[in-house]
Amino acid sequence: MPFADLEDDLRAREAQGLLRHRRILESAQGAHVTVDGQNYLAFCSNDYLGLAAHPALIEAACQGAAQYGVGAGASHLILGHTAAHHQLETELAQFTGQDAALLFSTGYMANLGIVTALMGRNDLILADKLNHASLNDAAQLSRARLARYKHLDIDHLQRLLATASERKKMVVTDAVFSMDGDIAPLPALLALCERYDAYLLVDDAHGFGVLGEHGRGILEHFTLHSPRLIYMATLGKAAGVFGAFAAGNRILIQALIQGARSYIYTTAFPPLLAVALHTSLQLFREESWRRQHLRELVADLKRQLHTQRWSLLPSDTPIQPLLVGGNQEVVALSDALRARGILVPAIRPPTVPKGEARLRISLSAAHSKDDVRRLAETLNELGKTF
């Protein structure tokens, strides 16, 4: 029978509490959503600043569609690179304090393109153990030797660099780790890269728009600048739209235009989205209250959540993981919250290590203080009865 082995694998996943299911969102993204015909308070989104359904972004997208149509129609190197894309790249470079920027369709494609364009056989990639899957996949595709250092362990990374024989080296790291919410020690990483002559690729998917006084991300957060830094951030999280970009010096960006296959061989994302993202950057600058409100919500959750059965992992970002442990228990807890009108996703292996299943609580500037209070009180109640 065709696919019998796949059917067996699916049954095994279900028995282990690892089978994934999709829910159907029937409303705009936000703190309060309609899913599968029911209304919920949701803590599932990476829309950290609450911009995904912002009226100004919707209006800008409509204006972009009126000017450029819906689809780009071609890759950037054929005839899909519009004035809107070009202007956005210029603005992103200026906003992040880099010489130049290059748009990609997704963060996954950006990481694949950057790593495989710059690294190859006989090179070395050193990666944090908890990096996003796209960085791990990019390293594998590059055919460079991959060495993974213990999470946030600078001493371990230094030992690996000190014994490396490869001429070309690249350290790759998340800025904010997507399942733990902690922040990479970027100044120490950069110092090692300076000492051992390595590139430093920083995936700021969850920091761009959130970290830094003006939302410019982890480089502003730590006040860092270096020609060996390769900066990548996504535009579908805090920016509320879609896409990603790489930024750095002009030689780097030109090299990516020539060699990043995930840039060269794909259709440009719709220019109407580039127009909308221009408005996102304006809101980053003009509405700093969103980041302040977000910080207050993080503090509120930590103060109000006091269940002894489960504990929050240490994180000062909008990603607040509640460590549960077992796969079956975390699914049951997520289901119990859903029965009470609250959506929080259960995260299980292989996304997180075995035995470290968790609820990934994602806070947004769209949440109110009452929303966070309701979540904390419900979890406190469930912690007593589970």
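The values are calculated or read from the model by the stated rules, or taken from the named source; none is laboratory data. These numbers come from a predicted model, not from an experiment. Note that we place each Cβ from the backbone using ideal geometry, even for glycine, and neighbour counts take in every protein chain shown.
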Number of positions in the range 295-339 that are over 23 Å from L18 (Cα atoms), touching a residue at least 40 places away in the same chain (Cβ under 8 Å) and either in contact with a Pro (Cβ under 6 Å, 6 or more places away or on another chain) or charged (D, E, K, R) (or both): 3
Do you know which residues across the range 117-141 are within 20 Å of the chain's Cα centre (by Cα) and over 18 Å from T351 (Cα atoms)? L126
Give, as residue ranges, the helices (runs of 4 or more DSSP H) completely inside the range 236-286 that count at least 1 residues that are without any contact (Cβ under 8 Å) to a residue 12 or more places away in the chain and buried (at least 24 other Cβ atoms within 10 Å of the Cβ). none
Out of the range 340-377, which residues are small (G, A, S), over 18 Å from G17 (Cβ atoms) and not in a loop (DSSP other than H, G, I, E, B)? S362, A376
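Test of understanding: among V324, V331, which residue is surrounded by fewer than 20 Cβ atoms within 10 Å (Cβ to Cβ), touching a strand residue (DSSP E or B) at 6+ places or on another chain (Cβ under 6 Å) and not polar (S, T, N, Q)?
V331
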Subset of the range 26-58 [in a strand (DSSP E or B) and either crowded, with 16+ Cβ neighbours inside 10 Å or of a type in the set (G, A, S) (or both)]: V33, V35, Y40, L41, A42
Quick check on my filter: what residues within the range 199-235 are under 23 Å from S315 (Cβ atoms) and assigned to a strand (DSSP E or B)? L200, L201, V202, D203, Y231, M232, A233, T234
Can you tell me which residues in the range 220-235 are among the aromatic types (F, W, Y) and crowded, with 24+ Cβ neighbours inside 10 Å? Y231
Hey, among F95, F43, which residue is touching a residue at least 24 places away in the same chain (Cβ under 8 Å) and assigned by TED's automatic domain parsing to the domain that holds S27? F43
Unique residue being buried (at least 21 other Cβ atoms within 10 Å of the Cβ), in contact with a strand residue (DSSP E or B) (Cβ under 9 Å, 6 or more places away or on another chain) and of a type outside the set (F, W, Y) when the list is L152, L157: L157
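Could you run through the range 33-67 and say how many residues are of a type in the set (F, W, Y) and within 18 Å of the chain's Cα centre (by Cα)?
The qualifying residues number 2.
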In the range 113-142, what residues are closer than 13 Å to S262 by Cβ, of a type in the set (A, V, I, L, M) and buried (at least 23 other Cβ atoms within 10 Å of the Cβ)? I114, V115, A138
